[in-house]
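Comments concern the structure below.
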Amino acid sequence: MVFNGPVTDQPGSGVRRRDRRGRGLRGPLIPAHLPAAMTRAERFDDLVVSTVERLERRWARQLKGTEFAVEDVPPSDPAPWEERGVPMGRYFPAESGMPARIVVYRRPVEGRAHDAEDLQDLLRTVLVEQVAHMMGRDPDEVDPGYHGG
């Protein structure tokens, strides 16, 4: 039998169901609903969201309108008040119609964490310190479980 066209789902659909060696398309190795299917960046984002939600339960009024963001690495120009070294997070005050923003830098935080539990603790510390800086309070006041930086 001679076949002169692609193997398709339905005649005329143009959807190719097999690769050139006839093995078929490869599917995902891990189903999307399992935690292992998430990338490191997605898991990090989820940790940030859960930590921010925890802080917002206590400080909803003070954090209203504040944006939280994750960036891979900080810009190369440190703020004048920052010490030497790579920052793990930064607070940007509201200005020119832009809301206040707290940014967490994923790669420096991940690089300093030893394991998943340490990552969660470090992320909590970074966010608590930035929220405390924004509100002009001590980190211990923002989160009584604060470990200190």
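Tabulated values for the structure
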quantity	calculated
Among (1) of a type outside the set (S, T, N, Q); (2) at pLDDT 95 or above; (3) out of contact with any Lys or Arg (no Cβ under 8 Å at 6 or more places or on another chain) - the single one residue 102 does not satisfy	(3)
Qualifying residue in the range 76-83 (condition: more than 21 Å from residue 143 (Cβ to Cβ), in contact (Cβ under 8 Å) with a residue 12 or more places away in the chain and either of a type outside the set (A, V, I, L, M) or assigned to a helix (DSSP H, G or I) (or both))	no
Hits in the range 92-111 - residues which are assigned to a helix (DSSP H, G or I) and surrounded by fewer than 13 Cβ atoms within 10 Å (Cβ to Cβ)	111
Sole exception among (1) of a type outside the set (Gly, Ala, Ser); (2) at pLDDT below 95; (3) under 24 Å from residue 57 (Cβ atoms) for residue 109, by number	(2)
Any hit, the range 74-88, residues being surrounded by 14 or more Cβ atoms within 10 Å (Cβ to Cβ), out of contact with any Cys (no Cβ under 7 Å at 6 or more places or on another chain) and either at pLDDT 95 or above or closer than 18 Å to residue 46 by Cα (or both)	yes
Tally, over the range 103-131, of residues that are out of contact with any helix residue (DSSP H, G or I) (no Cβ under 7 Å at 6 or more places or on another chain) and among the polar types (S, T, N, Q)	2
Residue among 118, 140 that alone is free of Cβ contacts under 8 Å to residues at least 40 places away in the same chain, within 18 Å of residue 49 (Cα to Cα) and part of a helix (DSSP H, G or I)	118
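The values are calculated or read from the model by the stated rules, or taken from the named source; none is laboratory data. Remember, predicted model here, so these are calculated numbers, not experimental data. Backbone-built Cβ (ideal geometry, glycine too); neighbour counts: all protein chains shown.
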